[in-house]
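Computed from the coordinates by the stated procedures, all read-outs in this text should not be read as laboratory data. Given the structure is predicted, the values throughout are model-derived calculations rather than measurements. Every residue, glycine as well, gets a Cβ built from its backbone with ideal geometry; the counts of neighbours run over all protein chains shown.
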Amino acid sequence: MITITILIVDDVSQNLYLMETILKGNGYEVVSAKNGAEALELARKNPPDLLITDILMPVMDGFELCRQWKADEQLKHIPVIFYTATYTDPRDEQFALNLGADRFIIKPQEPEALVQIVRTLMDEYQKGTITTATKPLGDEMEILREYNEVLFHKLEKKVMDLNAEITERKKAEKKYRNIFENAVEGIYQSTPEGRYISVNPAFAHMYGFDSPGQMIAEVTDIQNQLYANPEERNSLTRLLETKGKAENFEAKFKKKDNTFFWASINATAVRDESGKIAYYEGTTADITDRKKIAQRLFETKEYLDNLISYANAPVIVWDPNFKITRFNHAFENISGRTEKEVIGKSLDVLFPEETKQHSMKHIKNTLSGERWETVDIPIKHVDGTIRTLLWNSANIYGPDGKTLVSIIAQ
């Protein structure tokens, strides 16, 4: 069986690889080139059985390759297929056929379809049922005129596409600029050395500056001018260098008037082509109010914890599964058990065996929302003595006001 050799020409390596894979997978030998000049050089040394070429390429495009191919005594009988994604106008196809091309195919094609076109053309050529054009139709001046006309048409379209792209880009930039200028969050770009490249108005105002320009001009050392604890910037930059990003990084900052505020930073490291960090960019949100609320909640929790722990009345808390979650000092004294011993254990460990079932029945009623005002429940001390407590209870619900979180009793 005679092996058919196909010369493929395309300046995009990915296209060459894909076409080579398809053709080799169907039994063809493949030689590749990245432009028309390279293709001619290869073909003149070892003529192929078929040429498949792109049109838009550097050095020598597909049209000129075809023209010279058909003018070459050694190559002019070899069939030519144009395979293009750029020249798709009917005038482009007509010019290609006038140059002597045998097929004009628009990219992309399904692999099976492309192989079928190649197979059909080669069968017809080998059987002599088609005769490939051995020279371009028309004289050199006419070909040159058509060539220039096609190129001018393509250039005109490219200019129109470029203008449309520029217009869209300007719209996108304007949209981005509006978002940047009017964002509630602070947006910034800064150098690894500690200077700002750009900041939006919200960012500048957050730090007490009148304008972005003023902030960029006056802040020459971010670490020492703006961080309450300069080491915090080192922690942030280490994160950006090692992880590439930082999320919800919290730190305390100084304003221009030397007052302080808390901020949360989300940032990424932007690297250049060599992999070196070119700049950092990110957003900053003032979380001072949130910090104050968190501190108040912490102080309230501490107060309530102390109130429960050191209350004279015995206080116990259990969850919906009747596992003990809190156990104050007064309850420790009554039961003879420490909080550490009972946390996480079932509530019934506190009750005498003979009254355990009755006591748990009362307690399970709290799950349905029942509140006790006065319920007598016996408690067994570790020394075996029984102490009867007058219990009252209250249910504690989650943020939705419906989900039972725990029950507190004393």
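So the values come out like this:
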{"read-out": "Hz values of 3J(HN,Hα) by residue in region 24-38 - Karplus curve (6.51, -1.76, 1.60), Gly and Pro given as x", "value": "5, x, 10, x, 8, 7, 10, 10, 10, 9, 9, 7, x, 4, 5"}
{"read-out": "Peptide ranges 260-266, 98-104 listed from the most packed, as the mean C-beta count within 10 angstrom indicates", "value": "98-104, 260-266"}
{"read-out": "Over 32 Å between alpha carbons, listed pairs LYS171/LYS255; LYS243/LYS301; LYS245/LYS345; LYS301/LYS364", "value": "LYS171/LYS255; LYS243/LYS301; LYS245/LYS345"}
{"read-out": "Vicinal HN-Hα couplings computed from phi for region 220-236 (Karplus, 6.51 cos²θ - 1.76 cosθ + 1.60; Hz; Gly/Pro x)", "value": "10, 8, 3, 4, 8, 8, 10, 8, 5, 10, x, 5, 4, 5, 4, 5, 5"}
{"read-out": "Ordering of 69-79, 288-298 by burial proxy (mean other Cβ atoms within 10 Å per residue, highest first)", "value": "69-79, 288-298"}
{"read-out": "Cβ-derived FRET efficiency at R0 22 Å, THR338 paired with ALA313, nearest 0.05", "value": "0.75"}
{"read-out": "Karplus-derived HN-Hα couplings along region 2-11 (A = 6.51, B = -1.76, C = 1.60, θ = phi - 60°), whole Hz, x at Gly and Pro", "value": "7, 8, 8, 9, 10, 9, 10, 10, 6, 7"}
{"read-out": "Per-residue Cβ neighbour rank within 10 angstrom, fewest leading, GLU93, GLU110", "value": "GLU110, GLU93"}
{"read-out": "Proximal lysines to LYS170, defined as alpha-carbon separation beneath 22 angstrom and excluding residues fewer than eight positions away on the same chain", "value": "LYS157, LYS158"}
{"read-out": "Selection from ILE52, TYR28, GLN14, by position along the positive dipole direction of region 1-79 (Cβ)", "value": "TYR28"}
{"read-out": "Cβ crowding within 10 Å averaged over residues, with 324-330, 17-23 ranked highest first", "value": "324-330, 17-23"}
